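Novice: Mind looking over this structure? Questions follow.
Each reported figure results from applying straightforward, stated rules to the coordinates on display, with no laboratory input. Nothing here was measured: the structure is a model prediction, and the numbers come from that model. Positions of Cβ are generated from backbone atoms using ideal geometry, with glycine treated the same way; all protein chains shown enter the neighbour counts.
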Amino acid sequence: MNRYKMSIKSNCKQFQANACRYAFTLVELLVVIAIMGVLIAMLLPAINAARESARKMQCSNNIKQMALACLSYQDTYQILPPASNFTSNTDNSKYLKEANVRANWIILVLPYVGQQALFNEINGMLKQSGINVESNSATSKMDSNITMKSCRETEIPSFLCPSDGNNRIKFESAKGSGFTGARCNYGANMGLDYAYNLYSGWSNNLKHGVMGPGKCMKTEEIIDGASNTIMVAELRAGVASCDPRGTWSLGGPGPSAIAACGYMGDCRGPNSKNNAADDIYGCEKIDQFFDYDDLVTLGMECSNGDTALKWNAQATSRSTHPGGVQTAFCDGSVHWITDEVSVGTSETNLGVWDKLLLPCDGFSISNADF
């Protein structure tokens, strides 16, 4: 019995000794926590990069669908959709003002992105006012005063790049007209001239794009080749509710197109860093929320210049992807264009970005150029 008791005591002492031996000291615990912190800090960039890669891939798929929708529209109407229509063909400047912009390219391709019901709803409301949005002409109208709030506010997931944190903020017109609009991160290539010149100056091959104001092309008319010409490029949603950029139901540069963002003007290339790069209607309202330096930091520079510059005249392609933008070419292919792509200085000194936006400049380029 004594031997048994002694054995138990011995085992208890051994257990206590082992328990003490395997316990963490405070210093050891702090070292482990520090190591875990370092490992997490090392892993976070890789995790964020993987997430951004997935978002970028989704964005690439979205913009490809937009380009294919335009090509499907062409199959039906034998021409690409115009970037936007407006009230008057005789006074180019009128189309730039928000109240005069009519059906844009996005509305026209709704049936080809799985939104036939929404298109029918829009078209039905417009027909009540004697307007037929189905016709491919500059007289097709989408009057901002027509009661279509529910249509304009419809958020379409395939229109949204998941990297853009502002694209769920709906646009609200500062005019008190009740106009609100959901966002879209993809815009048509109008060309390299200011939007108010592109209707009358559409014949200039060193200025027009593929989808202009009341003007548009067929892919077979593209002299440089569909595989060398941008059709759709990324847009960023506005940084405030009064910022119309990236509003799918509005036309013109900024809301649903890009223009004058190459060798012409001060909006030079994708994600232009000029503090007054975009000239869009509503810039003066954005200044109530942000000053120039803020907009530069955000990468959403905007001019609040004179009355002419408040119109939708100029805007470049922008994205929140690090280092560049997604673009879809006229053959339906998707290409990444870096912010460092070369931009020209004149009609006689075109950069790669200019050549990609001009369908008939006569220059061919390879993927290695961008």
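Novice: Using Cβ contacts closer than 10 Å as the measure, can you line up LEU295, LEU358, LEU118 from fewest to most?
Specialist: Working: LEU295 24, LEU358 30, LEU118 17.
Starting with the residue having the fewest Cβ neighbours, the order is LEU118, LEU295, LEU358.
Novice: Using θ = phi - 60° and the Karplus curve 6.51 cos²θ - 1.76 cosθ + 1.60, what whole-Hz ³J(HN,Hα) does each residue of region 201-215 get, with Gly and Pro shown as x?
Specialist: x, 5, 6, 7, 5, 9, 9, 7, x, 9, 9, x, x, x, 10
Novice: Further question on the same structure: Within 10 Å of each residue's Cβ, count the other Cβ atoms and sort TYR77, TYR186, TYR281 from fewest upward.
Specialist: Details: TYR77 15, TYR186 29, TYR281 24.
The most exposed by this proxy come first: TYR77, TYR281, TYR186.
Novice: By DSSP, what percent of the beta bridges with both residues in region 155-309 are antiparallel, rounded to the nearest 5? Intermediate results must be reported in sequence, preceding the final value.
Specialist: Values: 8 of 13 bridges.
Close to 60 percent.
Novice: How would you order 193-200, 231-238 from highest to lowest mean count of nearby Cβ atoms within 10 Å?
Specialist: Numbers: 193-200: 23.2, 231-238: 28.6.
Highest-to-lowest ranking by the protection proxy: 231-238, 193-200.
Novice: Right, another one. For LYS149, LYS170, which order do you get if you count the other beta carbons within 10 Å of each Cβ and list the fewest first?
Specialist: Values: LYS149 12, LYS170 16.
Ranked by crowding around the Cβ, least crowded first: LYS149, LYS170.
Novice: Pop out the ³J(HN,Hα) list for region 225-241 in order, Karplus 6.51 cos²θ - 1.76 cosθ + 1.60 with θ = phi - 60°, rounded to Hz; leave Gly and Pro as x.
Specialist: Karplus values, whole Hz, x for Gly and Pro: x, 4, 7, 10, 10, 6, 9, 10, 10, 5, 10, 9, 6, x, 7, 8, 5.
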